[in-house]
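Structure record follows, encoded as structure tokens.
The values are calculated or read from the model by the stated rules, or taken from the named source; none is laboratory data. Everything numeric here is computed off the predicted structure, so don't read it as measured data. Using ideal geometry, Cβ is built from the backbone for each residue, glycine included, and neighbour counts are taken over all protein chains shown.
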Amino acid sequence: MSVNITCWRLEDRRSIAARSTRRGIVLRSRRAEDVNAIVLHQTANHTLLEEQHLRPLERTPHLVHHLDNIRANFVVRLDGAIFYTHDVEVAVQSAGGFAGSGIDIEFACDLPHTREPPSDPAERLTVEAILAGRRLIRSLWARMRWLQYIHPHGQVQAALMDGRACGGDTGVPCGKLDSCPGPDIWVNVGLWAQSELHLLTTPVGRFQNNGISELMGNPAYRQNLGLLDERSVHRVRVCPPW
């Protein structure tokens, strides 16, 4: 039972992540045909990018790494690397998994969500990560042509960290409405998928709809890549377009 995805710079770690001893990552198995949405997140820390954490992964790629413990189906790093950690036919303990029909994609970063985009490039989503996210979503859509929806986590979040219900008609504002995945990811990856692949942002089924906040959809965060593709970023090889 598995869904294989072909995507440049994707490392398949499903068999390794399955050996993780962290409890509660996987909720249940599900049929690929029942999965029709993608939910975007950011990890809210930089630990996956720090050198001391990357060295063990590169030195011992066959051993469980802490990225294998993230509650997600895929992890995208700022350098453009993509890790397939938990099969699409597995619901993980995250927004898409709780709803049962969502693929959870985490971007390994901690980006701000201020009204004006930061001027420091270190606080912006990298071009490599934008292209990797687009490439992954296009690959998922090509493999699973029944995918119809894409959401920022904050839009479909149902509970706070303490378990209290939020959003919807609860009157309790969801803490991640503006911040997860944040406007840099949502505007440059999520809205790209809406425009290019015609994925919808209207939640259905077990997803609740908190709306997409004005800050999450802030057009000031748009990084106008134009016709930029992987050949422009990694000139050492010829790569397929997004």
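What to note about this one:
- Subset of the range 188-212 (residues that are at negative phi and in a loop (DSSP other than H, G, I, E, B)): Leu197, Leu199, Thr201, Thr202, Pro203, Val204, Arg206, Phe207, Gln208, Asn209, Asn210, Ile212
- Residue match in the range 122-136 (condition: farther than 18 Å from Leu199 by Cα and crowded, with 22+ Cβ neighbours inside 10 Å): yes
- The residue that is farthest from Val88 (Cα to Cα), among those in the range 103-135 that are acidic (Asp, Glu) and part of a strand (DSSP E or B), is Glu106.
- Looking only at the range 97-137, residues that are of a type in the set (Lys, Arg) and either over 16 Å from Val187 (Cα atoms) or in contact with a Pro (Cβ under 9 Å, 6 or more places away or on another chain) (or both) come to 2 in all.
- With respect to (1) farther than 23 Å from Gln155 by Cβ; (2) at pLDDT 90 or above; (3) crowded, with 20+ Cβ neighbours inside 10 Å; (4) not small (Gly, Ala, Ser), the lone exception for His65 is condition (2).
- Condition met for Arg28 (closer than 26 Å to Asn209 by Cβ, of a type outside the set (A, V, I, L, M) and at pLDDT below 95): yes
- Within the range 162-187, considering residues that are in a loop (DSSP other than H, G, I, E, B), in contact (Cβ under 8 Å) with a residue 60 or more places away in the chain and closer than 21 Å to Val204 by Cα, the one farthest from the chain's Cα centre (by Cα): Asp178
- Taking the criterion of being surrounded by fewer than 19 Cβ atoms within 10 Å (Cβ to Cβ) and outside any loop (DSSP other than H, G, I, E, B), the residues of the range 140-161 that qualify are Ala142, Arg143, Ala159.
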